[in-house]
Amino acid sequence: MIKKALILAAGMGNRLGVHTKKKPKCLVEVNGKSILEYQLEALEENEIKDVVIVIGYRGDRIKEFIKSHKFKNLNIKMVENKEFESSNSSYSFLLASDEVKNKSYIHLNCDIVFLPSLIKKLIESKYDDVIVLDKKIKLSDNMEQVHLEGDKITHMQNTLLKGAVGKATGVAKFSPKNIFWIKKKAEEYITNGDKNQNHYGIIGDAVKHLDFYGLDPGDEVLFEVNSIEDLKKASKAFDS
């Protein structure tokens, strides 16, 4: 049974403009509720007890949010990325990796908004390492495009990929075995002075060596909120 989750929430969210001028991306509201609140409620409803949040940009606001909201069934720990302006998500992951290294856990990027039913599907997947896919989005450069054979991810890259069926979202379930490999690869980059690798970019390399699978969310409401236009679409969907 999965009892732990990791949320990467250190980034600045510049593409959201005025919405992230004074608060981090995870506290941007979608139809009156912050993305982080959607995520924590989904984890709580699925009996995931331990949550690690990597904070950076305006991390003080996240601390204030956690204090002011009562998630009585969650044990929330925060890990600070003090180099959030000059690093990327692989570095944030590495800072928190010891918190999730021994057990399977739910991975969340902080800009994904969804309902508890999606986490339930992820937990119940028969696969140990599975990434939720978005098969409805129009594919373009600068998104992690995925090629499948059956359910298995055979290729994942951040540029146009012939035969791609969708994009990998920041909602996933990972096992200790695969995370060990990813952690070692991130450590190699950082040892060489590179703290600016994307976590999913490293996973894109990992799929060449390890088994990862895609989960089709079906009719689940799922939005990545990276831009003002994304925010408008998500708010409209969650208003229905």
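Tabulated data
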item: Residue 151 at pLDDT 95 or above and either in contact with an Asp or Glu (Cβ under 9 Å, 6 or more places away or on another chain) or under 19 Å from residue 95 (Cβ atoms) (or both); result: yes
item: Complete set of residues in the stretch 97-123 that are within 16 Å of residue 3 (Cβ to Cβ) and either among the hydrophobic types (A, V, I, L, M, F, W, C) or out of contact with any strand residue (DSSP E or B) (no Cβ under 8 Å at 6 or more places or on another chain) (or both); result: 100, 101, 102, 106, 108, 116, 119, 120, 122, 123
item: Qualifying position, being among the charged types (D, E, K, R), closer than 26 Å to residue 178 by Cα and open to solvent by 40 Å² or more (accessible area, probe 1.4 Å), among 49, 70; result: 49
item: Residue match in the stretch 77-86 (condition: in contact (Cβ under 8 Å) with a residue 24 or more places away in the chain, buried (at least 16 other Cβ atoms within 10 Å of the Cβ) and of a type in the set (Gly, Ala, Ser)); result: no
item: Any chance residue 122 is modelled with pLDDT of 95 or more, among the aliphatic types (A, V, I, L, M) and touching a helix residue (DSSP H, G or I) at 6+ places or on another chain (Cβ under 9 Å); result: no
item: Scan of the stretch 14-65 for residues that are touching a Ser or Thr at 6+ places or on another chain (Cβ under 7 Å), of a type outside the set (Val, Ile, Thr) and more than 21 Å from residue 84 (Cα to Cα), ordered by number; result: 31
item: Subset tally (residues that are of a type in the set (A, V, I, L, M) and over 16 Å from the mean Cα position of the chain (by Cα)) for the stretch 177-223; result: 5
item: Close pairs (7 angstrom Cβ cut-off, 6 or more residues apart or separate chains): at positive phi in the stretch 126-148, open to solvent by 50 Å² or more (accessible area, probe 1.4 Å) anywhere; result: 142/158
item: Wholly within the stretch 128-240, helices (runs of 4 or more DSSP H) carrying at least 3 residues that are open to solvent by 30 Å² or more (accessible area, probe 1.4 Å); result: 176-191, 228-238
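The values are calculated or read from the model by the stated rules, or taken from the named source; none is laboratory data. Everything numeric in this text was worked out from a predicted model, so none of it was measured. Reconstructed Cβ throughout: ideal geometry from the backbone, glycine too, with neighbour counts over all protein chains shown. Surface areas here come from the heavy atoms of the whole protein model, side chains and all, with no ligands, DNA or RNA. Shrake-Rupley method; radii C 1.70, N 1.55, O 1.52, S 1.80 Å.
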